[in-house]
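Undergrad: To start, I am sharing the structure in question, which I have written as structure tokens.
The values are calculated or read from the model by the stated rules, or taken from the named source; none is laboratory data. Everything numeric here is computed off the predicted structure, so don't read it as measured data. Note that each Cβ is placed from the backbone with ideal geometry, even for glycine, and that neighbours are counted across all protein chains shown.
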Amino acid sequence: MGLGRDNAPKTYLKLNTKEEKPVFKVYQKNAETGKYQHTQSETFVSGYFKSINFQVNEYKGDKTEVFNLTITDDGMDYVIESSLSMVGRGILNTLSSYPELGLIKISLATRSKDGKSFPTAYLTINGDDRPKWKLSIEEQMELTKVTKLRDRTDYDRFELHEKLKEMCSQLKPAEDNILNTVSPELKQAAEEVDNFLKSKPLETKKEEPSYEEDDDLPF
């Protein structure tokens, strides 16, 4: 068990759907400056589910609600940031259809409809390469307020966003994810210690007096 700190190295991926094709913009820490910088763009990422949270980012006075999906693989945490866009909502809606999450794979692509191209994300979850949404299209529309104006149609998705956040608050890693957050070297060392202890006969030690009252630990 950790001590309330997570020291796993992190790579940040920002989901960008404003370019010709959707990509994850990858940000990694520069060893010399200690700052994160954009190093490359990818269309695929995979790892074991670790956590998800929501926050509001502000840039030049504009506020945007985003989610941070953290997955882990080989001791590296990948933090995927996305706004609650069409693609972002699709990812959240799909994740929420599983009570426990193991290995997650996300592929970005474009799809065509009525002669237009749209960004999309294809997910594989727990080995299922055809996962379904938790909320149907009809249920999503019931949580969306539509206002038709003279020159456009406005969509108020506040209730839909709140529902998605509520569903995501129930997400948790599958039990077999625990080992996937530990490096192979550490797992091997733990197994060696365990085998060593099992090979030793159980010894009964004379009970020593307790000095807990003089313990200077901060808890």
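Undergrad: Check the range 133-141 and report whether any residue there is over 24 Å from residue 45 (Cβ atoms) and loosely packed, with under 10 Cβ neighbours inside 10 Å.
TA: Checked against the condition, which is being over 24 Å from residue 45 (Cβ atoms) and loosely packed, with under 10 Cβ neighbours inside 10 Å, the range 133-141 yields at least one hit.
Undergrad: So, residue 105, is that one closer than 16 Å to residue 13 by Cα, surrounded by fewer than 19 Cβ atoms within 10 Å (Cβ to Cβ) and at pLDDT 95 or above or not?
TA: yes
So that you can scan it fast, the table gives a plain yes or no per residue for (1) more than 27 Å from residue 96 (Cα to Cα); (2) surrounded by 10 or more Cβ atoms within 10 Å (Cβ to Cβ); (3) in contact (Cβ under 8 Å) with a residue 60 or more places away in the chain:
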position: 9; (1), (2), (3): no, no, yes
position: 12; (1), (2), (3): no, yes, yes
position: 32; (1), (2), (3): yes, no, no
position: 61; (1), (2), (3): yes, no, no
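Undergrad: Hey, another quick one. With the requirement that a residue be hydrophobic (A, V, I, L, M, F, W, C) and either under 22 Å from residue 53 (Cβ atoms) or in contact (Cβ under 8 Å) with a residue 40 or more places away in the chain (or both), what does the range 92-118 give you?
TA: 92, 95, 101, 103, 104, 106, 108, 109 - these are the residues of the range 92-118 that are hydrophobic (A, V, I, L, M, F, W, C) and either under 22 Å from residue 53 (Cβ atoms) or in contact (Cβ under 8 Å) with a residue 40 or more places away in the chain (or both).
Undergrad: Can you name every residue in the range 35-81 that is of a type in the set (Gly, Ala, Ser) and assigned to a strand (DSSP E or B)?
TA: Passing the criteria: 41, 46, 47, 51.
Undergrad: Is the range 25-38 home to any residue that is modelled with pLDDT under 95 and at positive phi?
TA: So far as the range 25-38 goes, yes, one or more of its residues are modelled with pLDDT under 95 and at positive phi.
Undergrad: Mind listing whichever residues of the range 91-102 are buried (at least 18 other Cβ atoms within 10 Å of the Cβ), outside any strand (DSSP E or B) and not aromatic (Phe, Trp, Tyr)?
TA: Passing the criteria: 91, 92, 93, 94, 95, 96.
Undergrad: Now for a separate question. Out of the residues in the range 11-34 that are in a strand (DSSP E or B) and either in contact with a helix residue (DSSP H, G or I) (Cβ under 6 Å, 6 or more places away or on another chain) or of a type in the set (Ser, Thr, Tyr) (or both), which is farthest from residue 69 (Cα to Cα)?
TA: In this case the residue turns out to be 27.
Undergrad: Another question about this same structure. Just to be sure, is residue 47 exposed (fewer than 15 other Cβ atoms within 10 Å of the Cβ), of a type outside the set (A, V, I, L, M, F, W, C) and either under 30 Å from residue 136 (Cβ atoms) or under 17 Å from the mean Cα position of the chain (by Cα) (or both)?
TA: Spelling it out, it is not the case that residue 47 is exposed (fewer than 15 other Cβ atoms within 10 Å of the Cβ), of a type outside the set (A, V, I, L, M, F, W, C) and either under 30 Å from residue 136 (Cβ atoms) or under 17 Å from the mean Cα position of the chain (by Cα) (or both).
Undergrad: Tally up the residues in the range 103-141 that are closer than 16 Å to residue 86 by Cα, in a loop (DSSP other than H, G, I, E, B) and over 19 Å from the mean Cα position of the chain (by Cα), please.
TA: Total satisfying the criteria: 2.
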